[in-house]
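Computed from the coordinates by the stated procedures, all read-outs in this text should not be read as laboratory data. These numbers come from a predicted model, not from an experiment. With ideal geometry, Cβ positions are generated from the backbone for all residues, glycine too; neighbour counts draw on all protein chains shown.
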Amino acid sequence: MMNDVLTKRQLKNLMEFWQQRLYLNDWEVVLKLVDDMPENTQGNANWSLSNEQAIIKIITLAGFKKLQTPFPYQPEVILVHELLHLHFAPLQVPAMDDEEKADPRSIAQERAIDHIAKALVYMRKRAKNNQKRG
Ligand SMILES: [Zn+2]
């Protein structure tokens, strides 16, 4: 798999698409691309549930390369992952700051969100490719 190189404009368009698909239209979300993220993370979301406002940060390709992970850069997966966190926010599962001490619920939630995000992006891309062929 190759790195996905997306401009901020393209990511913002994808954010509009996914906000609609995920029924998160009521949320006001600010998207930021950053070169540095704490703790080897690739994205994060800070939200205010009562105001339905959030700031989503996604690592840039340059920042991602510094993490030296063998996996490809998939900013759309990171984006959908962070958006899905907004749906889970009312459950108030503790944040997964330290993986070793993390609450089992945080680990389970994190895995579920990650798998759902990957599945959704995979299906969108597949649908798009089928459209091109058909
Ligand atoms: Zn997460």
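Quick one: the Cα spread of the chain along its three principal axes, in angstroms, biggest first?
Extents along the principal axes, in whole Å: 47, 36, 24.
Straight distance only, please: which lysines reach the Cα of K128 with their own Cα at less than 24 Å, same-chain residues fewer than 8 apart left out?
Leaving aside lysines fewer than 8 places away in the same chain, those within reach of K128 are K8, K12, K118.
Toward the positive end of the charge dipole of the chain, about the Cα centre and with charges on Cβ (Lys, Arg +1; Asp, Glu -1), which of P104, A117, Q131 goes farthest?
Q131
If you place +1 on the Cβ of every Lys and Arg and -1 on the Cβ of every Asp and Glu, how big does the dipole about the Cα centre of region 52-115 come out, in debye to the nearest 20?
Result for region 52-115 is approximately 220 debye, rounded to the nearest 20.
Sum -39500 (n - 2.57) across every DSSP H segment of at least 4 residues in the chain, then divide by the residue count to get the 222 nm mean residue ellipticity, nearest 500.
Values: 4 runs with 64 residues, N = 134.
Value at 222 nm, helices only: -16000 deg cm²/dmol.
About the Cα centre of the chain, how large is the charge dipole given +1 on each Lys and Arg Cβ and -1 on each Asp and Glu Cβ? Please answer in debye to the nearest 20.
Details: 18 positive and 17 negative charges, 205 e Å.
Around 980 debye, computed over the chain.
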